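Student: The structure under discussion is supplied below as structure tokens; questions concerning it will follow.
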Amino acid sequence: MDEQGLEDAAILLMSLGEEEAAEVFKHLAPKEVQRLGETIARMKAIPRDKVETVLERFTAVASDQSMLVADTDEYVKAVLRKALGDDKANLLIDRILQGSDVTGIESLKWMDAGSVAELLRNEHPQIVAAILVHLDFDQSSSVLKCFNERQRNEVLVRIATLDGIQPSALKDLNEVMSKVLAGGDKLRKASLGGVKTAAEIINMLGSSVETSVLDYIREADNELAQKIMDNMFTFDDLEKLDDKGIQALLREVQSESLVIALKGATPELRDKIFKNMSTRAAETLREDLDGRGPVRLSEVEAEQKELLKTVRRLADEGQIVLGGGGDDQFV
């Protein structure tokens, strides 16, 4: 959700009143609750015409929505079983509805990284890996930063080689989560973990930690390390985006963030950024870069990480293409 969407949602929630807004919050993810709460806290005075515009737009959107099925989970199960029979349907149902019973792990998403790390610190790396693949990539990377180097590396090796989660592993998760997971022995193997997940988490760790992790993995399994690297998209890889992708990214990035992020960029990447800006904007950016004094590496990496989050969001939305997808031809 962009900043405008956040503000509109915040205005709508404040218009509903405490009781109704509380019911809406119950259905939101932890990050959504935090971002909306921060937005509401920042908003002091709102013009009446702005409130009316938001409410009118919501009314228009809501009028187009219709609840066709009261319980969609049960509807999916019933339709698939009638169409495919119990055995085939059950295989698909677990995949479609996977994660609906991992309420204990979902609760971790509300905790800060330090608390999650403390909870998992003394657990076996395989157990930690099985839990972290359920969390968002940035939260998993923040948890791993709280571990020492050896623990962090061991966990990431296991994430990269994790080929689903067996019922026995889910039983271990039940114990870790104080038996808050229900029906762990009945769940079939879920498609979680793997090279791509490890790559996404390592992307969020920052270049200094990233190098250490990959060196450790390379010593244990050079082929695995190469597979992970092939799935990683780093800040310098922005140079591989086509001009349309760079322009889409620039529309989403604040100039101050861009200046700090580019302090650690290669000359080639800087030139590509300049090329996709107006002459005046490029000149202003050059002046800001030249005039900016030394910046802490941690600040540069933090801004680069935020840019990468934006890149992945735009990729998910289909606005930009990562990797080799840009070579596809149209016929």
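Every number in this text was worked out from the coordinates using simple rules, so none of it is lab data. These figures come from a predicted structure and were not determined experimentally. Please note: Cβ atoms are built from the backbone with ideal geometry, for glycine as well, and neighbour counts cover all protein chains shown.
Student: Take the cross-link list LYS227/LYS272; LYS145/LYS227; LYS275/LYS305; LYS145/LYS275 and give me the ones stretching past 25 Å between alpha-carbons.
Tutor: LYS227/LYS272; LYS145/LYS275
Student: Quick check on the stretch 3-63: take the gyration tensor over C-alpha atoms, sort the square-rooted eigenvalues as a ≥ b ≥ c, and tell me if it's rounded (a/c under 1.5), prolate or oblate. Could the numbers behind the result be given before it?
Tutor: On the way: a/c = 1.64, a/b = 1.23, b/c = 1.33.
Because a/c hits 1.5 or more and a/b fails to exceed b/c, the stretch 3-63 counts as oblate.
Student: Okay, next question. Quick check on the stretch 204-331: take the gyration tensor over C-alpha atoms, sort the square-rooted eigenvalues as a ≥ b ≥ c, and tell me if it's rounded (a/c under 1.5), prolate or oblate.
Tutor: Oblate shape, in that a/c is at least 1.5 and b/c is the bigger or equal ratio.
Student: Return TYR216, TYR75 ranked ascending by Cβ neighbour count within 10 Å, so the fewest neighbours appear first.
Tutor: Least crowded to most crowded, the residues run TYR75, TYR216.
Student: Using DSSP to define loop residues, name the trypsin sites (Lys or Arg not before Pro) in the stretch 195-281 whose beta-carbon has at most 13 other beta-carbon atoms within 10 Å.
Tutor: Details: sites: LYS196, ARG218, LYS227, LYS240, LYS244, ARG251, LYS263, ARG270, LYS272, LYS275, ARG280; in loops: ARG251, LYS263.
Here the sparse-neighbourhood loop sites are ARG251.
Student: Now, a different point. Using label points projected 7 Å from each Cα along Cα→Cβ, tell me how many nm separate VAL51 and ARG251, to one decimal.
Tutor: It works out to 3.2 nm between the two label points.
Student: Sticking with this structure for a sec: Determine the gain in length on full extension of the stretch GLU19-ARG218; use 0.36 nm per residue of separation and subtract their C-alpha separation, reporting nm with one decimal.
Tutor: Difference between extended and current length: 66.2 nm.
Student: Expected output is a single nm value to one decimal: the length gained when fully extending between ASP236 and VAL79, i.e. 0.36 nm times separation in residues minus the C-alpha distance. What is it?
Tutor: Between ASP236 and VAL79, full extension yields 51.8 nm more.
Student: Okay, next question. Between ILE320 and residues 5 or more places away or on another chain, which pairs have amide H atoms under 5 Å apart, with H built 1.01 Å from N, and which residues are they?
Tutor: ALA315
Student: Could I have the simple spin-label model distance between THR266 and THR59, label points 7 Å from Cα toward Cβ, reported in nm to one decimal?
Tutor: If labels sit at THR266 and THR59, their model points lie 5.5 nm apart.
Student: Report the paramagnetic label zone for LEU28: residues of the stretch 107-125 whose backbone N is under 19 Å from a point 7 Å from Cα along the Cα-to-Cβ axis.
Tutor: Only 107-112 pass the distance filter.
Student: I'd like the FRET efficiency for ARG280 and LYS244, computed as 1/(1 + (r/R0)^6) with the beta carbon distance as r and R0 of 22 Å, rounded to 0.05.
Tutor: Efficiency, rounded to the nearest 0.05: 0.60.
Student: Given R₀ = 25 Å, what would the calculated FRET efficiency be for THR211 paired with ASP112, taking r from the Cβ atoms and rounding to 0.05?
Tutor: Rounded to the nearest 0.05, the efficiency is 0.40.
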